[in-house]
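Here is the structure we will look at.
The values are calculated or read from the model by the stated rules, or taken from the named source; none is laboratory data. What you see is a predicted model, and the numbers here were worked out from it, not measured in a lab. Here the Cβ positions follow ideal geometry from the backbone for every residue, glycine too, while neighbour counts run over all protein chains shown. Just so you know, the surface numbers come from the protein's heavy atoms only, side chains and all, with ligands and any DNA or RNA stripped out. Shrake-Rupley method; radii C 1.70, N 1.55, O 1.52, S 1.80 Å.
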Amino acid sequence: TCGVTNSLILHRLLVPWHESDEELRRNALTSFNFNYIVESSKYYERNTGSLYMTWQESIDKNHTIFITPIEINLVKTNFISNSFQASVDSTHNPLLINLFNQHIITDFRVAYRINQQPLSMVKNPYSYLVLSFETGGNVPALIDRLAFNKPRDSGAVTNKIFGIDYYQYTKIEADYQYYLPVFGKDNLAVRGIAGFGTPQSLAGLFFPNTQSTSLPFEKQFYVGGANDVRAWKLRTLGPGSYYDPTGTQYYDKSGDIKLEA
């Protein structure tokens, strides 16, 4: 896996109501971000490009709010192994087949963070909490409905706009961490994560014919990796996980619900 990341960060909130408030401007950031990632395996190569803007404002030293009004992701996957492509097609599973099709994801995100971690050595218990809400596919769904007015094809996982699949979804997630100092410099850390996603955006509530039937692969929950349960590789721990002695299990494990402690 390799990629390129570029960001432009401004120490002000680019909204009209912050123009004359010097204190709020000092505690706010606006970032413009571009990412391009290439994931390569012996079976396929996935290219992902994303462009988004985020507003970040510190309410006080412990409370911060993040708002991403728009993010655009374009994903394209090319098969390297013909036998792997044939095995995917042979499943006749629209969700799995659509995973390797070109698709676009647009979303809106908001997150609220409470971080009580002290800057110096930890002497008292403290907490860390992130609450997040994300909804995607609203703009393509509205364009699709108002300009084309076509229902989703029977059996298709999602609709198309300008010939490209687009996904609708809504996700909520909570990540809580509690740190208790014990034995001098050592801490006992407790963490709990809960998340839920549905393949329905806010626009889908009003235009049911545009709804997707599954979350996009990139937005599904997963377990494992450096920032999660580190005893497992990324997306290798999950429902139905087992040791595969033949090495023929290709697919990542992900889902619409996550409960972790």
When the stretch 111-141 is checked residue by residue, the ones that are among the β-branched types (Val, Ile, Thr) and either surrounded by fewer than 16 Cβ atoms within 10 Å (Cβ to Cβ) or over 18 Å from the mean Cα position of the chain (by Cα) (or both) are Ile114, Val122
When the stretch 78-104 is checked residue by residue, the ones that are surrounded by fewer than 17 Cβ atoms within 10 Å (Cβ to Cβ) and in a strand (DSSP E or B) are Asn78, Phe79
Among Ile193, Ile172, the single one that is farther than 30 Å from His92 by Cα and open to solvent by 50 Å² or more (accessible area, probe 1.4 Å) is Ile172
Restricted to the stretch 38-69 and to residues being among the β-branched types (Val, Ile, Thr) and part of a strand (DSSP E or B), the residue nearest to Ile9 (Cα to Cα) is Thr54
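Can you name the residue in the stretch 238-261 that is open to solvent by less than 90 Å² (accessible area, probe 1.4 Å), modelled with pLDDT of 80 or more and not acidic (Asp, Glu) and is also nearest to Gln168 (Cα to Cα) among such residues? Let's see the steps before the verdict.
Taking the stretch 238-261 and keeping what is open to solvent by less than 90 Å² (accessible area, probe 1.4 Å), we get 238, 240-241, 244, 247-256, 258, 260.
Right, trim to modelled with pLDDT of 80 or more and you get 254-256, 258, 260.
Remaining after also requiring not acidic (Asp, Glu): 254-255, 258.
Numbers: Ser254: 17, Gly255: 15, Lys258: 19 Å.
This residue is Gly255.
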Only unsatisfied item for Ala147, checking (1) without any contact (Cβ under 8 Å) to a residue 12 or more places away in the chain; (2) buried (at least 18 other Cβ atoms within 10 Å of the Cβ), is (2)
Contact list, first residue from the stretch 177-190 and in contact (Cβ under 8 Å) with a residue 60 or more places away in the chain, second anywhere and open to solvent by less than 60 Å² (accessible area, probe 1.4 Å) and hydroxyl-bearing (Ser, Thr, Tyr), beta-carbon distance below 6 Å, six or more apart or interchain, is Tyr179/Tyr126; Asn187/Tyr179
Among the residues of the stretch 57-76, the number that are over 18 Å from the mean Cα position of the chain (by Cα) and either open to solvent by less than 70 Å² (accessible area, probe 1.4 Å) or more than 30 Å from Leu29 (Cβ to Cβ) (or both) is 5
Restricted to the stretch 153-169 and to residues being open to solvent by less than 30 Å² (accessible area, probe 1.4 Å) and touching a strand residue (DSSP E or B) at 6+ places or on another chain (Cβ under 6 Å), the residue nearest to Ile114 (Cα to Cα) is Tyr169
Among residues of the stretch 175-186 being surrounded by 15 or more Cβ atoms within 10 Å (Cβ to Cβ) and not hydroxyl-bearing (Ser, Thr, Tyr), the residue farthest from Asn73 (Cα to Cα) is Pro181
